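Encoded as structure tokens, the structure appears first; notes follow it.
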There are 2 protein chains.
Amino acid sequence: MKLATAFKYMNKDMQQVEKQIKQVTNTESSMIQSASNHLLSAGGKRIRPIFVLLAAKFGHGQKNQMIDVAVALELIHMASLVHDDVIDRSMVRRGKPTVNKKWNNGTAIYTGDYIFARTLELLKPFKNNRLHTVLSNTIHDLCIGEIEQIRDKFNIQQNEFTYFKRIKRKTALLIASSTQMGAIASGVEPSTERLLKQYGYHIGMSYQIMDDILDFTSTEKDLGKPVGSDLLNGHITLPTLFAMEDPTIFEAVKAYFNEDVHELSIEEVIQTIKQSNAIEQSYNISQRYLQKAFNTLKELPDIEAKNLLEDIAEYLGQRKF
Amino acid sequence: MKLATAFKYMNKDMQQVEKQIKQVTNTESSMIQSASNHLLSAGGKRIRPIFVLLAAKFGHGQKNQMIDVAVALELIHMASLVHDDVIDRSMVRRGKPTVNKKWNNGTAIYTGDYIFARTLELLKPFKNNRLHTVLSNTIHDLCIGEIEQIRDKFNIQQNEFTYFKRIKRKTALLIASSTQMGAIASGVEPSTERLLKQYGYHIGMSYQIMDDILDFTSTEKDLGKPVGSDLLNGHITLPTLFAMEDPTIFEAVKAYFNEDVHELSIEEVIQTIKQSNAIEQSYNISQRYLQKAFNTLKELPDIEAKNLLEDIAEYLGQRKF
């Protein structure tokens, strides 16, 4: 598990990140305190902070400033997750009850808002205007991606184009912004910044496709939520899109979305997709994006952080959950 | 209606404000576009922008920057409203269906997030760090106020202290920040800034108490929502707190909150509060805050904006909806 190597190399920085994330939960409101602590301490891979910190190695920024940017990116991610869980009525995340389940929707919505507000506080001292521009554009696109996800929910008439556009906004841009903002904050060369952003974008696309595959192929224990949750919640992802080229699957999904009866139950559809060629097809596309990330890396200056970015890409391509 | 005077005096600026608010709805996502347009064009008094612009008259800022701050304050207010409506499951606001009703909860949550993000964009170019500090502290407190409102919902054991603390965070601080940020952005003297902030705070407290009174005394037509909505939704406001000093009312509210039967129905409780002394008691406290606002104004330099702040205070003290 090569991600551990990256963590070890950045162990001290990541401890700082955790410490700062912990501080966010430090507020007068005991309800927000418990809810945000529950959310933020639930773990997660912290890949966005890692990307910020590694990208920053290509320049010469002040350490504590990089940590602030890293924390900000993780917080935006977490704030969007807690709102997602309200919308999807998700009951479990990473094996623990969601904030909306453990408390209620209201607490979850305001906890998300609160975390957004803390992000602003964190980035306030940065004078670099481009940093703020990238950030607000990212949140802007993130919201649009999320709302497109609602629009497309239970909509059988989708194609790969809508899917790619949606995951770009929903996931890839936030990861691209992580590497880009790390780069901006540490004042790297414009050409290096561009490459780091590109790397983040490709990794982000590959990452989300893998996530959507694992939703079918992983186990409930590893996922921390039921297998096939996406489809059960009406989200059509790449494996389903490929699988629906088979009319029987298409009709079965359509029937499930319309609350009609079909000879093939949705559980059987999930089983079928899991064992079908659609998984491999999706995996190939995920790998193609990963390859693009590797190619982008080749053009970057040879420093240790570059090897780690390579290791992470490799790890993400092989992950099982 | 003296508010019209203020509007007339600032007619051009307010047109700019409206134009900019309109621009916020300008996005690629047709769903966010319609939802935010529905929300932002629903009217409202726009008192926060007016306060920003009038406070700015005490200094010498650039007009277009003041407009940006004014729009930002209105947007934060609107973003918090759209999230409130989800939490309260409100179906109508200002006589129109809410975003959660007309679309769904998800659209409402992300529309709020999107509007927050646009606020960041708007204030990005401002180099003044204090402006950002005031803003993020305000959003921070606003979230805590909102979450306290959830915590206190259907809780019969409350006193005036919890109520005042809650409305301070939920309403008064955002209005205090409007006058303060207008002042900061136009570089007024620190002593004047302090007075303007104080004025905003007192007005905000008075305003929210009036709002809570009108929820009982106004009509469904003027309110744009049913009379007594607060109590029906489990929110205990000042009139109810005073009225509950009568044990019969206390027991009736308690029974309603616990879904028990009581000889006095909640509709009868609302009727009783409406005609009781509790309204006058609350009104007196609202007037006391208003008086404090007038007193604060006396210490401010004599410029035309000061007369308008006085007119607005007078208007808000007499408003019927």
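Can you list, shortest first in nanometers, how far A:Lys19 lies from the same residue in the other copies, with each label 7 Å from Cα toward Cβ?
5.1
Can you give me the Cα centroid spacing of the range A:232-274 and the range A:100-114 in angstrom?
The two parts, judged by their Cα centres, are 32 Å apart.
Once you have all Cα-Cα distances for the protein assembly as shown, histogram them in 10 Å bins from zero and send the whole-percent values.
3, 15, 24, 24, 17, 11, 5, 1, 0
Beyond 16 Å, how much of the Cα-Cα pair distribution for the range B:231-274 remains, as a whole percent?
Summing the P(r) tail past 16 Å for the range B:231-274 gives 21 percent.
Going toward the positive end of the dipole of the range B:3-318, with +1 on Lys and Arg Cβ and -1 on Asp and Glu Cβ, which of B:Gln208, B:Ala305, B:Ile109 do you reach last?
B:Ala305
Give me B:Arg93, A:Arg130 ranked fewest to most by other Cβ atoms within 10 Å of their Cβ, as a rough exposure proxy.
Arranged by neighbour count, lowest to highest, B:Arg93, A:Arg130 become A:Arg130, B:Arg93.
Would you kindly compute the Cα radius of gyration of the range A:3-318 and its largest Cα-Cα separation (Dmax), both in Å?
According to the Cα coordinates of the range A:3-318, Rg and Dmax are 19.7, 62 Å.
Quote the FRET efficiency, to the nearest 0.05, computed for A:Lys96 versus A:Thr219 with a Förster distance R0 of 25 Å and r equal to the Cβ-Cβ distance.
According to the calculation, E is roughly 0.90.
Relative to the longest principal axis of the C-alpha atoms of chain B, give the angle of the C-alpha long axis of helix B:129-152, reported between 0 and 90° and rounded to the nearest 10°.
10
For the residues B:Asp215, A:Asp311, what sequence is obtained by ranking on other C-beta atoms within 10 Å, fewest first?
A:Asp311, B:Asp215
Once the label point is set 7 Å along the Cα-to-beta-carbon vector, what list of distances in nm do you get between B:Glu268 and its counterparts in the other copies?
For B:Glu268, the other copies' label points sit at 5.9 nm, shortest first.
May I ask you to report, in nm to one decimal and beginning with the shortest, the distances from A:Asp246 to the same position in the other copies, taking label points 7 Å along Cα-to-Cβ?
7.1
Any idea what the dipole of the range A:3-318 comes to, in debye rounded to 20, about its Cα centre with Lys/Arg Cβ at +1 and Asp/Glu Cβ at -1?
The dipole of the range A:3-318 has a size of about 1300 debye.
Output the 0 to 90 degree angle, nearest 10, between the alpha-carbon long axis of helix B:30-40 and the longest principal axis computed from the alpha carbons of chain B.
Orientation of helix B:30-40: about 80 degrees from the principal axis.
Give me the percent of Cα-Cα pairs in the range B:97-196 that sit more than 21 Å apart, rounded to a whole number.
50
Hey, how many Å between the Cα centroid of the range A:119-197 and the Cα centroid of the range A:51-73?
17
Calculate for chain B the 222 nm mean residue ellipticity that helices alone would give, adding -39,500 (n - 2.57) per DSSP H run of length 4 or more and normalising by residue count, nearest 500 deg cm²/dmol.
-23000 deg cm²/dmol
Which three extents, in whole angstrom, do the alpha-carbon atoms of the range B:101-143 cover along their principal axes, largest first?
Cα extents, longest axis first: 39, 22, 10 Å.
Quick one: if you take sqrt(5λ) for each eigenvalue of the C-alpha gyration tensor of the range A:1-97, what semi-axes come out, biggest first, whole angstrom?
Computed over the range A:1-97, the values are 26, 16, 12 Å.
Roughly how big is the protein assembly as shown's charge dipole about its Cα centre, with Cβ charges of +1 (Lys, Arg) and -1 (Asp, Glu), in debye to the nearest 20?
Value, rounded to 20: 2000 debye.
First obtain the Kirkwood hydrodynamic radius of the range A:260-321 from its Cα pairs, then insert it into the Stokes-Einstein equation at 25 °C and 0.890 mPa s, and state the resulting D in µm² per second as a whole number.
It diffuses with D of about 172 µm²/s by this estimate.
Could you state the angle between the C-alpha long axis of helix B:190-217 and the longest principal axis of the C-alpha atoms of chain B, as a value from 0 to 90 degrees rounded to the nearest 10?
Value to nearest ten degrees: 30.
Among A:His60, A:Ile167, A:Met244, pick out the residue whose Cα is farthest towards the positive end of the charge dipole of chain A, where Lys and Arg carry +1 and Asp and Glu carry -1 on C-beta, about the Cα centre.
Ranked along the dipole, the leading option is A:His60.
Using all Cα-Cα distances in the range A:147-291, what percent lands in each 5 angstrom bin from 0 up to the longest?
Here the calculated profile for the range A:147-291 is 2, 10, 17, 19, 18, 13, 8, 6, 4, 2, 1, 0.
How do the peptides A:249-258, A:108-117 rank, highest first, by the average count of neighbouring beta carbon atoms within 10 Å per residue?
Order by mean packing, descending: A:108-117, A:249-258.
No lab work stands behind these numbers, since they all come straight from the coordinates. Note that the coordinates shown come from a computational prediction; the quantities given were computed from them, not determined experimentally. In this analysis, Cβ positions are derived from the backbone assuming ideal geometry, glycine residues included, and neighbour counts consider all displayed protein chains.
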